[in-house]
1. Give the residue, chosen from Ala212, Ala249, that is in contact with a strand residue (DSSP E or B) (Cβ under 7 Å, 6 or more places away or on another chain) and closer than 25 Å to Pro124 by Cα.
2. Taking the range 1-27, which residues are in contact (Cβ under 8 Å) with a residue 40 or more places away in the chain, closer than 13 Å to Leu54 by Cα and among the basic types (Lys, Arg)?
3. Does the range 147-156 include one or more residues that are buried (at least 18 other Cβ atoms within 10 Å of the Cβ) and under 24 Å from Arg7 (Cβ atoms)?
4. Read through the list (1) within 13 Å of the ligand (Cβ to nearest atom); (2) out of contact with any His (no Cβ under 9 Å at 6 or more places or on another chain); (3) modelled with pLDDT of 95 or more, then give the number of the only condition that Gly149 fails.
5. Among the candidates Lys98, Lys112, which residue alone is part of a helix (DSSP H, G or I) and basic (Lys, Arg)?
6. Return the pair list, or none, for Cβ contacts closer than 6 Å from residues in the range 127-139 that are touching a residue at least 40 places away in the same chain (Cβ under 8 Å) and among the small types (Gly, Ala, Ser) to residues that are near the ligand (Cβ under 9 Å from one of its atoms) and part of a helix (DSSP H, G or I), at least 6 apart or on different chains.
7. Look at the range 42-75 and say how many of its residues are in contact with a Leu (Cβ under 9 Å, 6 or more places away or on another chain), more than 10 Å from the ligand (Cβ to nearest atom) and within 21 Å of Asn190 (Cα to Cα).
8. For residues in the range 226-283 being within 17 Å of Leu193 (Cα to Cα) and among the basic types (Lys, Arg), which is surrounded by the fewest Cβ atoms within 10 Å (Cβ to Cβ)?
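The values are calculated or read from the model by the stated rules, or taken from the named source; none is laboratory data. This structure is a prediction, so every number in the text was calculated from the model and none was measured. A quick note on method: Cβ atoms are made from the backbone with ideal geometry, for glycine too, and the neighbour counts reach across all protein chains shown.
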Amino acid sequence: MSILTLRDKSSLFEQRAIWRAEGKRVALVPTMGALHEGHLSLVHQAKQQADVVLATVFVNPRQFGPTEDFSRYPRDEEGDILKLHAAGAAGVYLPTVKEMYPEPFRTVVYVKALGDDLCGAHRPGFFDGVCTVVAKLLLQVLPEVAFFGEKDYQQLQVIRQMVRDLDIPVEVRAGMTVREPSGLALSSRNAYLTTEERAIAEQMNKVLHRAATSILEQRMDVAAACDWGMKQLLQMGFQKVDYFALRDAETLNPVLDVSRPARLLTAAFLGQTRLIDNIAVNP
Ligand code: PAF
């Protein structure tokens, strides 16, 4: 069977009504396209949890700052549809910006505190854009379950909070970060990297692991390990490190030890390309 390609809200609502009438459990996998194995692993995971998987491909202008990469963000609609079909998604929703944000559009979904630091501090408005579009997608589709990757760990926690606060009737599930054999987390933005930059990017996950080991083996306290991690990334060739921080895995509050599950997170630039990664640090 071929994959349904839905381009406007009315065809989305019609299809949703058909699935509801058939008693189908629907899983949603929101994406910005330029799909890689990380996205496809979410589709595979979603297939285990639902009768039909609907992916969305929408490069959301509201989550890009004025000097960020919205216009050059990789786009490959045809390739994305083929990949989603091969992965077994039942449908893909590809709305235009106008369809998603008809003028005048005035609502912003803001999750306090959780979205204000780490990536939020360095990308003002980023999580407002993410939450606004994800809230819209969840309400348009009303899936039983929705999948988000752990690669964007802060995003995942912000979305969980928003879903709880707004009583959106959906179960949020996380998919583990998919990595290249080198440890480099798959990201659509890896396409921007030159060969030399890619070799530097591969160090990010290794530095996270070394810092985590130093903390767990109590060879360094948390502050010293994070400072070391930041300096290591700069030494390896990253030009700017936005943060290298240990946080509570759920609240994302700063932590000074690992008495509860924690997460070590970092964001750094290679040229114009901003890369993020994170790992679990468990007691
Ligand atoms: O993680 C992403 O690709 C995006 O932030 C999302 C969740 C699809 C919202 O645009």
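1. Ala249
2. Arg7, Arg16, Arg25
3. Scanning the range 147-156, I find at least one residue that is buried (at least 18 other Cβ atoms within 10 Å of the Cβ) and under 24 Å from Arg7 (Cβ atoms), so the answer is yes.
4. (2)
5. Lys98
6. Gly129/Arg62; Gly129/Gln63
7. 1
8. For the range 226-283, the residue satisfying everything is Lys240.
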